[in-house]
Amino acid sequence: MSRSRSPSSAYRLEVLPEVPAFHRDALRKGRLEEGHLVYYGPQPSYYGIGEVKRVNGSDIAVDFRGTGHFDVHEEIMEQRYLIRIPQEKMTHL
């Protein structure tokens, strides 16, 4: 499947891997903390890239700043849906 760059995103979301929902990688990456940059595991282009703003157990408030196709600004999601952006991908975004 070919992914194109979101016209509303300043990020190159196509460099991030798609991860199926509930994939073990989402849970094995360690706990998320405020300030971490993340994306929605199944499809990076849906929500874009966001910054973790608050953590309440497994519920994470993420500021996506409208960077994805859905133009979401802030969303509360369970940690299992979020993937921390690998440091080696940061320079490519």
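Cβ separations smaller than 9 Å between residues 6+ apart or across chains give no pair from region 75-88 residues that are without any contact (Cβ under 8 Å) to a residue 24 or more places away in the chain and among the small types (Gly, Ala, Ser) to residues that are assigned to a strand (DSSP E or B) and surrounded by fewer than 18 Cβ atoms within 10 Å (Cβ to Cβ). Determine if region 22-38 includes at least one residue that is part of a strand (DSSP E or B) and modelled with pLDDT of 65 or more. Scanning region 22-38 turns up at least one residue that is part of a strand (DSSP E or B) and modelled with pLDDT of 65 or more.
Hey, can you tell me all the residues within region 41-67 that are in a loop (DSSP other than H, G, I, E, B), in contact (Cβ under 8 Å) with a residue 12 or more places away in the chain and not hydrophobic (A, V, I, L, M, F, W, C)?
Filtering region 41-67 down to residues in a loop (DSSP other than H, G, I, E, B) leaves 41-43, 48, 57-58, 64-67.
Next, from what is left, pick out any that are in contact (Cβ under 8 Å) with a residue 12 or more places away in the chain: 41-43, 48, 58, 64-67.
Of everything in region 41-67, those that are in a loop (DSSP other than H, G, I, E, B), in contact (Cβ under 8 Å) with a residue 12 or more places away in the chain and not hydrophobic (A, V, I, L, M, F, W, C) turn out to be 41, 42, 43, 48, 58, 65, 66, 67.
The values are calculated or read from the model by the stated rules, or taken from the named source; none is laboratory data. Just so you know, these numbers come straight off a predicted model, no measurement behind them. Positions of Cβ are backbone-derived with ideal geometry, glycine not excepted, and every protein chain shown enters the neighbour counts.
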